[in-house]
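Before any comments, here is the structure.
The values are calculated or read from the model by the stated rules, or taken from the named source; none is laboratory data. Every value quoted in this text rests on a predicted model; they were computed, and no experiment measured them. Positions of Cβ are backbone-derived with ideal geometry, glycine not excepted, and every protein chain shown enters the neighbour counts.
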Amino acid sequence: MIRLHHYELSAECYKVRLLLSMLGLAHETVQVDMYPGAAHLSDSYRRLSPLGRLPVVEDGDLVLDDANAILVHLAASHDPGGTWFARAPGQIAQWLGYGAALAASLGAARLMDCFDTGMDSAPLIARALPILDALDRHLWLEAAEGHFYLCGTGPTIADIACFADTVLAEEAGVALRRYPAVRRWHDRVRMIPGFIVMPGVFPR
Amino acid sequence: MTRAGWYPLAGAGDLAEGHIVDAVLDGRALAVWRGADRIARAWENRCPHRGVRLSIGSVVGDELVCRYHGWRFAGADGRCTRVPAHPNSAPPSGLRIQARPVREAAGIVWCDSGEGSEFVEPEPGIVARPLMFAMGLVALRGAMLGALGGSSAIGEAWLRASLPHEAGGWTVTLLLRPAGPHECWVHGLVHAGAPARPVAIARAQTDWLAGVRRLFENSL
Ligand code: FES
């Protein structure tokens, strides 16, 4: 049985919840009280993730503490159709990298604001805007060819990796109307069977 | 305030059925949407109930549903048709969302920022990706006329320019939409005939225009 250790308000954890739901995979969940409890920094949690990272997935003997790694693992091992990753691994890996860069900029800015840390998120936002623009460019050009997902005509883990932080962009103070192709793609992702929400994300 | 007239809000192809574009025209926030009847509409982006942005709502058939309390508004006249919290009483009849005049032409959804402005149809072309510039319309228009060799003005909000030779050399019509005092959107039509892969031309256009934007950002 797959076991997910997660925190409700974390966009990184949302990525994994989304894929588990879209693939229809049975799993158990363990809530980690990251804020305000700081449970991810406890000794017991650090046995799973020495750095105290969220989410963690345990699958048999395998323990992974990185959202992208978990997405790849789930898609490679638990998607019988092979449509979520194997179709275009190089292209998809590129967007996983963009997703990680968005998490480190836009996602980090959002957490600063949401958890009222008093820190200045402006430098992080400045790093996020060019990434959002590159995403908008790619999605606009793809849509003009009738491809409504990041990598072609069907959803892949690339979409999930970039969806979570961008759909929550307004919580980091970034107006999504600046990126119309990203907004339109959000609609597409919401239509994927098994789509679920988290606080701040609207359903279809 | 810019002169009243018809300005582009979105590419007609980018406004898919059931989608709501969040756009601003001359300081006015708009929810631009297309229902099952395929008609493009531009509504004031504000729910008459509690003021929530309608652009975060959803489209059901020919109606727009507010995200907050689910009030529904008819595309045809902007009137409220349903209040979920009071399913058995008639919806408030006085409420009506302000719709702006909209038309579709040359592959673009246009909106009149005034009333009854004359519509001039641009020369048809390949619809380009809209790009936001952090400048007002007048400043942007001036900067473009200065920086883009061989460019010329067509009225107060359009320009004619050419892509550089390496990018295909195509002639483009740039259609400016004022959003705010420091925000202007550039829509475009590329005049390249009927090529086999129009997307390749749209790509060359957007990469060229993004370069122009970087140039202006660096000189601010
Ligand atoms: S604010 Fe729109 S329904 Fe209440």
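Restricting attention to region B:120-173, the residues that are touching a helix residue (DSSP H, G or I) at 6+ places or on another chain (Cβ under 8 Å), of a type in the set (Ser, Thr, Tyr) and not in a loop (DSSP other than H, G, I, E, B) total 1. Considering region A:148-181, and only residues there that are free of Cβ contacts under 8 Å to residues at least 60 places away in the same chain, surrounded by 23 or more Cβ atoms within 10 Å (Cβ to Cβ) and within 14 Å of another protein chain (Cβ to nearest Cβ), the residue that is nearest to A:Glu12 (Cα to Cα) turns out to be A:Val167. A single member of B:Ala210, B:Ala179 is within 14 Å of chain A (Cβ to nearest Cβ), among the small types (Gly, Ala, Ser) and in a helix (DSSP H, G or I), and it is B:Ala210. Considering region B:37-47, and only residues there that are without any contact (Cβ under 8 Å) to a residue 60 or more places away in the chain and surrounded by 20 or more Cβ atoms within 10 Å (Cβ to Cβ), the residue that is nearest to B:Leu15 (Cα to Cα) turns out to be B:Trp43.
Considering each residue of region A:184-203 in turn, none proves to be surrounded by fewer than 16 Cβ atoms within 10 Å (Cβ to Cβ) and either basic (Lys, Arg) or part of a helix (DSSP H, G or I) (or both). Remark: pairs (first residue in region B:68-97, more than 14 Å from every other protein chain (Cβ to nearest Cβ) and more than 11 Å from B:Pro48 (Cβ to Cβ); second residue more than 12 Å from the ligand (Cβ to nearest atom) and part of a loop (DSSP other than H, G, I, E, B); Cβ separation under 8 Å; 6+ apart in sequence or on different chains) = B:Ala74/B:Asp62; B:Gly75/B:Gly35; B:Gly75/B:Asp37; B:Gly75/B:Ile39; B:Gly75/B:Asp62; B:Ala76/B:Asp62; B:Val83/B:Ser89. A:Ser10 - would you say it is of a type in the set (S, T, N, Q), in contact with a strand residue (DSSP E or B) (Cβ under 7 Å, 6 or more places away or on another chain) and surrounded by 17 or more Cβ atoms within 10 Å (Cβ to Cβ)? In short, no.
Give, as residue ranges, the strands (runs of 3 or more DSSP E) completely inside region B:56-102 that count at least 1 residues that are assigned by TED's automatic domain parsing to the domain that holds B:Val32 and near the ligand (Cβ under 10 Å from one of its atoms). Before you say what the answer is, go through the steps one by one.
Details: elements: B:58-60, B:63-65, B:72-74, B:80-82.
Result: B:63-65, B:72-74, B:80-82.
Scanning region A:22-29 for any residue that is more than 30 Å from A:Pro80 (Cβ to Cβ) and exposed (fewer than 15 other Cβ atoms within 10 Å of the Cβ) turns up nothing.
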